[in-house]
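The values are calculated or read from the model by the stated rules, or taken from the named source; none is laboratory data. The structure presented is a predicted model; accordingly, all values stated were derived computationally and were not measured. Cβ: placed from backbone, ideal geometry, glycine included. Neighbour counts: every protein chain shown. What goes into the accessible areas is simple: the full protein's heavy atoms, side chains included, and nothing from ligands, DNA or RNA. Shrake-Rupley method; radii C 1.70, N 1.55, O 1.52, S 1.80 Å.
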Amino acid sequence: MDSDSDSDGSHISATPPREPLLPPRRPPQRPPKPLTSPFKSTTKIKPSFHSDTISKPNKPYSKHAKPEPEPGPKPKVKPIQQPGLASPLGNFPFQIRRPSDQPQPICTGRSLETLPAGFFSTHRPSFSKIQKPSLSFEPLTTPEITAEPKINGSDSSGSTNKKFPNLIRGDAPLPPVKLQRRSEEGNFVKLNFNGYKRKFTTKGKKTNSYSSKSKYFKRSKRRVKSEVDMESICDEEGLVSEIKQQRKAEKKTRCESIEAAVSAVQNEASDDTLVRLLKAMYGYESFRNGQVEAIKMVLAGKSTMLVLPTGAGKSLCYQIPAVLLPGITLVVSPLVALMIDQLKQLPPMIRGGLLSSSQGPEEAAETLRLIQEGSIKVLFVSPERFMNADFLSIFSATAFVSLVVVDEAHCVSEWSHNFRPSYMRLRASLLRAKLNVECILAMTATATTTTLHSVMSALEIPSTNLIQNAQLRDNLQLSVSLSGNRMKDMLKLMKSSPFLEAQSIIVYCKFQSETDLISRYFSDNNISAKSYHSGMLARDRIRIQELFCANKIRVVVATVAFGMGLDKRDVGAVIHYSLPESLEEYVQEIGRGGRDGRLSYCHLFLDDMTYYKLRSLMHSDGVDEFAVNKFLCQVFADDTNSRGKVCSLVKESGSRKFDMKEEVMLTLLTHLELGETQYLHLLPQLNVTCTLNFHKTSPISLADRDTAVAAILKKSEIKQGQYVFDIPTVANSIGVAPSDLSNHLQNLKVKGEITYEVKDPAYCYKIVEVPSDFCSLSALLTRWLLDIENCKVWKLDAMYSSAVFAMDTCETTHGCDVAQQTSCLQKKILDYFEGDNNHDVLDKMGHNSPFLRADIKVFLQGNSHTKFTPRAIARIMHGIGSPAYPSSTWSKTHFWGRYTQIDFRAVMNAAKAELMNLVGKDAP
Ligand SMILES: Nc1ncnc2c1ncn2[C@@H]1O[C@H](COP(=O)(O)OP(=O)(O)OP(=O)(O)O)[C@@H](O)[C@H]1O
């Protein structure tokens, strides 16, 4: 089963350590469809995206039983220095007035220049000839922030020609580019415009393949409704048909102007022609910083790393190429909710689709049909899709990919705040091999220099192809305050200017339980608020987001699950009730504010208890070398002859056995696949334990004509008349993939031959190479995981240090007032992003306690029947549950969470010493 993530996007649960995690909800079951198999029965192979099925057993086998059918440049950023007005809350003398009612642009553009037509018809664009490449990781110049209103992010406002701090120089004219084409006769314009014309001529019909809810569909409905209204007023005067004619003519004109703009770009992709297309497609007057450069790079077939602030308009940088390039633009996105949002935001002339594991088979089949038909131009997928051979095969067989867009590209790097093992699969070599794609566009709003290095290296993006603007917009006013009672202080803040006037507000909390508590508190105090977190039903989350976007709810109190990709323009304030885990997370979250270019107020409440709690949580993914060693022994079946074998690792039991989170096991398995040596090949995840009943034909007779059934009979245990077996074991014995066996079982089920249930979700893999030295490999992997753990701790400390600096040090050293905290925080943030993950940060943790060893000793004596590792003891003392020592059991001890203020490693060392002591005493 593919596992598209729809979580908070973090290994760490958005639940306080004391609360046990709820199991994930299963999607509703769909009626089974006949699937193909490599076995005796012969049906045509169809790609399947649902390989596991759970069904209730039918009646057991009876001879007479009947089968039952089943179902660019970093803008100089100038600190905002506004005369703040005193707030009723002593600490927050915010300014009430917005500087202007005019929308403020996010960044300024620059003049666009053109090279002669045909420049690229003889040679590939050579940017090096036009602009001087400089090192991409050079520190950026000191930012300046200006709160001056600008006109729609363009230089037309008369802004100065700013220097790009990176490679794509703002002062250098960019050449037109020759479009990347597969073949000379590629009729891609026609293809796009088929889709486009359909959009404009079939009113109210589906546009994007996820379009039952798409805005275009809704727009059409609205249009129809308004037409009905008009009808009642104007019918007699015969105006209705006139209006309709007029609209038709408008659409035709628009369509023609886009068509003309597209062919102009195809003749010559110059700044002018691209601006014309921008205007025709979106109605925007000019490109924002970095956009035209990125589009040109992509059109020239050059892989590009694009780092622009939140809300700067990164999506447009793949949408325009998608219209111009011949094949499909594949957008890899980390969250299903994000994909849906992006799909909805596609302009009408771009037909989009998405594939996610939360879709039903019919929906997925319809999307695949559209891909094969060539109608889909932009396809959104999760990175997990790249493990699915059926998915990849459609691109080698029928459709081709012109461009792969890696959205939230920082997830590729283990040094980012949001590393996803599934993103490791997005290597340039792999994408080239599987999709035959040359051009990759990686986009992010938040990446440190270290993160950028690793993303660009994985995606093989040359350092000359980095387009980077300051990762912070200049219309966010930032402030921090220390709070002893955050609830009360937050209410005060909400009831005072400028928060009182803010139209829409997002409050970010760390834990799900906090969101409910706060939204209730707000509601009790006459502030319309709703909570939002990943533990809620998807439909409730969608509803809340819709109500918020329609201004029916003023405040959303959310965990990190809310907001990624949210493009509500008028969010006037973002409040952090809890400290974010990193500056990246902080920048992403405040980035939801002020997307209309107007000033947005971002306040952070700092409290030490949250910091300590988060600091403990940063250690919840850590593992010890001996656990990794044990894990490797199981993965490779402790057998040097297991090469080529298909194996599985049951998630739940494995996780308990090695005391490792499932996500950590997946990280290790992915490293074993994609590291320097390929030890294994990961297969789609499956439920591996199958309990089966025969119904129509006797098992023996069926086995006579079905090799899979024969193998099942050989490898099963019979329990209460049912056949219980391990799917990979049976698959191994007949040399097929576990997913093929699953599909075959489903076919037999549809024919009424069998019913079965599957359980035990597991990681499946094929062994490619057995490591020769388990010890050194486990040492290497542990070191790597430890570095990741340390990096997370460092990121939290950097966030905390910056907040403390702005609130405290900055005030005393530089005499800043609250309004000027913006410049202090901005400086810290920009330094952080330009640095290399080794800035000095505040160390607030204690490193010893006179009672620590004594407490550990008492704890061990009281639990002498249980085996502990130093890490397990430290986790208990820090109040973090783990698979083998769950909080449901261990939070009952009064040592639970007692030492959160002492550094985790110091507690581990003390625990190690006490354990050694104990062993010494026990020794004869
Ligand atoms: N050149 C432009 N002129 C005016 N508006 C623009 C321009 N380019 C993009 N926009 C608008 O800016 C808004 C934000 O764009 P988009 O969602 O692509 O931002 P983003 O960079 O992906 O942000 P995030 O990283 O926060 O998701 C959208 O409403 C988009 O239509």
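When THR755 is tested against (1) crowded, with 23+ Cβ neighbours inside 10 Å; (2) in a helix (DSSP H, G or I); (3) among the polar types (S, T, N, Q), only condition (2) is not met. The helices (runs of 4 or more DSSP H) found wholly in the range 323-417 and carrying at least 2 residues that are over 23 Å from the mean Cα position of the chain (by Cα) occupy 361-373, 389-397. Looking at GLU757, GLU676, GLU753, GLU717, just one residue is on the phi < 0 side of the Ramachandran plot and under 27 Å from the mean Cα position of the chain (by Cα), and that residue is GLU676. Would a scan of the range 303-324 turn up a residue that is more than 16 Å from the ligand (Cβ to nearest atom), in contact with a Gly (Cβ under 8 Å, 6 or more places away or on another chain), within 23 Å of ARG420 (Cα to Cα) and of a type outside the set (Phe, Trp, Tyr)? So far as the range 303-324 goes, no, none of its residues is more than 16 Å from the ligand (Cβ to nearest atom), in contact with a Gly (Cβ under 8 Å, 6 or more places away or on another chain), within 23 Å of ARG420 (Cα to Cα) and of a type outside the set (Phe, Trp, Tyr). Is one or more of the residues making up the range 847-854 open to solvent by less than 30 Å² (accessible area, probe 1.4 Å), of a type in the set (Gly, Ala, Ser) and modelled with pLDDT of 90 or more? No, that holds for no residue.
Quick test for you: out of SER382, SER396, SER333, pick the one residue that is among the hydroxyl-bearing types (Ser, Thr, Tyr) and surrounded by fewer than 21 Cβ atoms within 10 Å (Cβ to Cβ).
SER396
Figure legend. Inter-residue proximity from the range 558-573: first residues within 11 Å of the ligand (Cβ to nearest atom) and among the charged types (D, E, K, R), second residues open to solvent by 40 Å² or more (accessible area, probe 1.4 Å) and not in a loop (DSSP other than H, G, I, E, B), beta-carbon distance below 7 Å, spacing 6+ or different chains. Indicated pairs: LYS568/CYS549. For the range 337-355, the criterion of being surrounded by 24 or more Cβ atoms within 10 Å (Cβ to Cβ), among the aliphatic types (A, V, I, L, M), over 25 Å from ASN388 (Cα atoms) and more than 15 Å from the ligand (Cβ to nearest atom) is met by none of the residues.
Of all positions in the range 664-680, at least one carries a residue that is open to solvent by less than 10 Å² (accessible area, probe 1.4 Å), of a type outside the set (A, V, I, L, M) and either under 18 Å from LEU781 (Cβ atoms) or modelled with pLDDT of 90 or more (or both). Considering the range 248-279, the residues that are under 16 Å from VAL292 (Cα atoms) and open to solvent by 50 Å² or more (accessible area, probe 1.4 Å) include one that is nearest to the ligand (Cβ to nearest atom), namely LYS279. Only residues that are among the hydroxyl-bearing types (Ser, Thr, Tyr) and assigned to a strand (DSSP E or B) were counted across the range 463-485, and they come to 2.
When THR310 is tested against (1) assigned by the TED database to the domain that holds SER382; (2) surrounded by fewer than 24 Cβ atoms within 10 Å (Cβ to Cβ); (3) at pLDDT below 90, exactly one condition is not met: (2). The set of residues from the range 443-460 being more than 16 Å from the ligand (Cβ to nearest atom) and either open to solvent by 10 Å² or more (accessible area, probe 1.4 Å) or part of a helix (DSSP H, G or I) (or both) comprises THR449, THR450, HIS453, SER454, MET456, SER457, ALA458, GLU460.
Here is a yes/no grid of residues against (1) closer than 26 Å to LEU745 by Cα; (2) of a type outside the set (Ser, Thr, Tyr):
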| residue | (1), (2) |
| --- | --- |
| LEU632 | no, yes |
| GLU662 | no, yes |
| THR677 | no, no |
| VAL688 | yes, yes |
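Kindly establish whether GLY283 is surrounded by fewer than 17 Cβ atoms within 10 Å (Cβ to Cβ), modelled with pLDDT of 80 or more, over 13 Å from LEU324 (Cβ atoms) and among the small types (Gly, Ala, Ser). When the stated conditions are applied, GLY283 passes them. Candidates ASP516, ASP524: the one that is farther than 30 Å from SER416 by Cα, of a type in the set (Asp, Glu) and modelled with pLDDT of 90 or more is ASP524. Quickly run through the range 600-616 and pick out the residues that are of a type in the set (A, V, I, L, M) and either buried (at least 24 other Cβ atoms within 10 Å of the Cβ) or in a helix (DSSP H, G or I) (or both). Once the filter is applied, which keeps residues that are of a type in the set (A, V, I, L, M) and either buried (at least 24 other Cβ atoms within 10 Å of the Cβ) or in a helix (DSSP H, G or I) (or both), the range 600-616 yields LEU604, MET609, LEU614. One residue stands out among those in the range 583-599 that are within 16 Å of the ligand (Cβ to nearest atom) and in a loop (DSSP other than H, G, I, E, B): the one that is nearest to ALA445 (Cα to Cα), which is GLY591. Being polar (S, T, N, Q) and buried (at least 18 other Cβ atoms within 10 Å of the Cβ) is not true of GLN503.
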